[in-house]
1. Please report the net charge: other residues with Cβ closer than 13 Å to the Cβ of Ala414, K and R +1, D and E -1.
2. Whole number please: convex hull volume per residue, Cα atoms of segment 286-365, in Å³.
3. Testing the spin-label approximation: label points 7 Å from Cα along Cα→Cβ at Leu80 and Val330. State their distance in nm.
4. Compute the signed sum of charges (Lys and Arg +1, Asp and Glu -1) over the other residues within less than 14 Å, Cβ to Cβ, of Pro76.
5. So, R0 is 22 Å and r is the distance between the beta-carbons of Val504 and Val484; what FRET efficiency does that work out to, to 0.05?
6. For segment 287-302, what does the Karplus curve 6.51 cos²θ - 1.76 cosθ + 1.60, with θ = phi - 60°, yield as ³J(HN,Hα) per residue in whole Hz, taken in order and with x for Gly and Pro?
7. Using only the alpha-carbon atoms, how far is helix 448-474 inclined from the longest principal axis of the chain? Give it as 0 to 90 degrees, nearest 10.
8. Among Thr485, Ser430, Gly446, whose Cα lies farthest out toward the positive end of the dipole of the chain, if unit charges sit on the beta carbon of Lys, Arg (+1) and Asp, Glu (-1)?
Amino acid sequence: MLDVFLAQQPVQPIEVPEINYGAIAPLLVILGAACISVLLEAFLPKHQRWPSQVTLCLVALAGAGVALGAYVGGSPEQGLTTLSGTVSVDRPALFLWGTLLALGLGAVLLIADRSVEPGGAFVAQAGIRPGTAQDRAQAGSTGMQTEVFPLTLFALGGMMAFCAANDLLTMFIALEVLSLPLYLMCGLARRRRLLSQESAVKYFLLGAFSSAFFLYGVALLYGYANSVKLADIANAAGGTDRSDTLLFAGLGLLVVGLLFKGSVGPFHTWTPDVYQGAPTPVTAFMAAATKVAAFGGILRVLTVGFESTSWEWRGVLWGVAIVSMIIGAVLGLTQTDVKRMIAYSSIAHAGFLLIGAIAMTEEGLTGTLFYLLAYGFTTLATFGVVSLVRDANGEATHLSAWAGLAKRSPLLAAVFTFLLLALAGIPLTSGFVGKFVVFEAALSDGMAPLVVIALVASAIAAFFYLRVIVLMYFSEPAPDGPTVTVPGAFTTAAITLGVVVTLVLGILPAFALDWAGSGGFALQ
């Protein structure tokens, strides 16, 4: 009887979603390479994994960059959506993809280096308990945990999907794809194993907590708009007689998850501990690329989904930006560890970025995208320099170890000084141009009080950058102080890339600003 009933029912044709493979080719290349990388890890002999993984990562990044360049020339200015409207490939997404690929290249070079730390910065066997005889023995071995390469590619692919996601469910999946590999990578440091594992646990627990906020917000917004697509939420918010309780409760929970990933105060509590405990190449990758992905998602959610309700939530984000800038600037003054100091610097910079994100104008979008590009390369090179100052226990990150560094290595001190001045926003660096365009957009949108607070926070933050510079040039080095390791080719290339981009964007920023301002989000 059931067969007869089913045979009488009309057959509904299955609609196959249209997929623009040219538009999503960079994303497919990275995720495809990540899957191949897992297979290499499974089937190749141990001695062949490192060269094969490094080659695959570099080829994948180059291939994704070529695919991106080939598509950008003929891409529609208004953008498009594909994969049943779940992925939006528009000018901001393309700019963010290019930024992530370039930062991913620098991060892979730092991760792959085995000359600064013999055998690499990553432990040979992550499962060994810290402090045991086996743990002490493997600290001196030359083996490397090459699983870090597929994890890096998966995290990078998740970041690319996150900033191009056109609905909240896709954004949540991308959030988990980028986060889970980072949780693992934070616990793989060869040195200071307990600190590394502690940072991984903290990041995992707080990350899971923020993901729950994000998912609960998605559920409430679905209940309000009967859809998880940003355009449908915008349409429902723009014209409906339903109560706005679900709308703003869902938005609040959603934004908490996004701000956590961008390390915006007061949702920053994981940042100093994780930056300090994670392997420095992973810290560089997180500090640069994760912030790009997080603010790419914040820009898309606020602009596409909630622009019509900006009057209600804008004041709250004003307060969040102020808190983030104050926390980063004031608590950064008290730090005695270089990596923790840069962590609080990133919290202050997150506040500056949030100013551009809530401007809700074309100038605000352009300024924020440029700021992400500039900050990413400067931070990547900064952590590359930090990895070179070492003592018998590995990296010497306490500020006292940096006293008189200019006498030990004038070139390294000069490079670090330039990068710190860029973070402080001194002219002729990308940091100055980034702050200028963001603050200008905020002033044009009537946020003068917020800009004044940002300038004061910038002045306070400049003090702890200058303190390190004074320490390097005007203090005597300790007789038994740390040494400066000569970097290998990979670390040299990564630092050089960051320094050159920081200088070029500070002197000739027009080409990057033109690309960042070439179009808005696809409102579909």
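Just so it is clear, none of the values below were taken in a lab; they were calculated from the coordinates. Computed from a predicted structure; not experimentally measured. Ideal geometry is used to build each Cβ from the backbone, glycine not excepted, and the neighbour counts take in all protein chains shown.
1. Working: positive: Lys407, Arg408; negative: none.
My count for the surroundings of Ala414 gives +2.
2. Details: hull volume 6.2 nm³, N = 80.
Expressed per residue, the convex hull around the Cα atoms of segment 286-365 is 78 Å³.
3. 5.1 nm
4. With Lys, Arg at +1 and Asp, Glu at -1, the neighbours total -1.
5. After rounding to 0.05, the efficiency reads 0.25.
6. Those phi angles translate into 4, 8, 6, 5, 5, 4, 5, 5, 6, x, x, 4, 4, 5, 4, 5 Hz.
7. In the chain, helix 448-474 runs at an angle near 30 degrees to the longest axis.
8. So the residue we want is Thr485.
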